[in-house]
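What follows is a single structure, written as structure tokens, with notes after it.
The values are calculated or read from the model by the stated rules, or taken from the named source; none is laboratory data. Quantities reported herein were computed from a predicted structural model and do not represent experimental measurements. Neighbour counts are summed over all protein chains in view; Cβ atoms, including those assigned to glycine, are modelled from backbone coordinates with ideal geometry.
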Amino acid sequence: MKVTSVRIHAAGGPEVLQLESHDLPDPGQGEVTIRHTAIGFNFQDIYTRSGLYPAPLPSGLGTEAAGVVEKIGPGVTDFKVGDRVCYASGPILGACSSARNYPVARLLHSPDFMKDDEIAAILLKGMTVEYLMERCYPVKAGQHVLMHAAAGGVGLLAGQWGKSMGAHMIGVAGGAEKVALAKANGYEHCIDRKEEDIAARVKEITGGKGVPVVYDSVGKDSFDASLNSLMPRGYFVSFGTTTGAPPPVAAGTLQKMGSLYFTRPTLVTYTASTQELRDSAAAVFAMFKKGALKLSINQRYALGDVAKAHADLENGRTTGSSVLIPG
């Protein structure tokens, strides 16, 4: 079976992305062959391409996709040819391809009430929101919650998820258009980081108290604002580095600023077991089915335009979710 895959042979900018054609072997023990119909595109793909997330080179790219089972490997009983399936968050790179082999221990059945592009756009981001807001720091009704990058793929889902929980969502976005988008997706308040002092506005919104939790995917540029927005014993949840890694966190700083907590979680850890993965995905699908989550697939790219997709996301030219469509 001939497939087309995105490969990198060296870390770098979008120019290192290459489309390569190769033969796909039959699926091995506990694997199926999946023909992809939609591929999720996330900032972690940029981290891998740039070398921030080291990968053995040469390497494939991407961890999230939806598609159809084409072949069954030995020992597979839970899936059959023709099944609609999906996956996210590993275990191996290679979602940016027209087809691939994948272990069924990390594979999910696609819900019949969702289209493949919807699944590819929401699964990884939705599971990220689920573990952040339900398990890493369990948000409670009535709490104020600060979310950076509120107009991004994770941010828009987080605004809706938090609103459905009864939280008072405070977003941070760059520019009037992104602020308006965030407010249309569950945020009671959205701070324009280009025009406003984030921590000062947070204190104003919360009556001087600060927030019990900050979810920060930005990294270096937002670090101080996040620290200064927290109430005593608040949680700083750092889960991304779009502007570079945050500075080291001194234990004394956490003490002096009010016995704060700092954590750097990953989806991989929170979906380490097959059951955790299935439970997290089921929660996302359930929220979508009941209408608590609406999708904003604002960019669609052909697989051959993957370099443009990377450049657009990296330079802040996207909103909501992006998907790649195999030819």
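The residues on offer are 150, 167, 141, and the sole one that is under 18 Å from residue 313 (Cβ atoms), among the small types (Gly, Ala, Ser) and modelled with pLDDT of 95 or more is 150. Of all residues assigned to segment 36-48, at least one qualifies as being over 15 Å from residue 93 (Cα atoms) and assigned to a strand (DSSP E or B). Apart from one condition, residue 77 fits all of (1) in contact (Cβ under 8 Å) with a residue 40 or more places away in the chain; (2) more than 21 Å from residue 321 (Cβ to Cβ); the exception is (1). One residue stands out among those in segment 116-172 that are touching a Ser or Thr at 6+ places or on another chain (Cβ under 7 Å) and not in a helix (DSSP H, G or I): the one that is surrounded by the fewest Cβ atoms within 10 Å (Cβ to Cβ), which is 144.
Does residue 56 fit the bill of being in a loop (DSSP other than H, G, I, E, B), farther than 25 Å from residue 300 by Cα and either in contact (Cβ under 8 Å) with a residue 40 or more places away in the chain or assigned by TED's automatic domain parsing to the domain that holds residue 242 (or both)? In short, no. Identify all residues within segment 251-271 that are surrounded by 13 or more Cβ atoms within 10 Å (Cβ to Cβ), over 15 Å from the mean Cα position of the chain (by Cα) and on the phi < 0 side of the Ramachandran plot; write none if there are none. Scanning segment 251-271 gives 253, 254, 257, 260, 261, 262. Any chance segment 116-132 includes a residue that's out of contact with any strand residue (DSSP E or B) (no Cβ under 6 Å at 6 or more places or on another chain) and of a type in the set (Asp, Glu)? Looking through segment 116-132, at least one residue is out of contact with any strand residue (DSSP E or B) (no Cβ under 6 Å at 6 or more places or on another chain) and of a type in the set (Asp, Glu).
Here's the yes/no breakdown for (1) modelled with pLDDT of 95 or more; (2) of a type in the set (Val, Ile, Thr); (3) touching a strand residue (DSSP E or B) at 6+ places or on another chain (Cβ under 6 Å):
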residue	(1), (2), (3)
237	yes, yes, yes
245	no, no, no
257	yes, no, no
266	no, yes, no
286	yes, no, no
300	yes, no, yes
322	no, no, yes
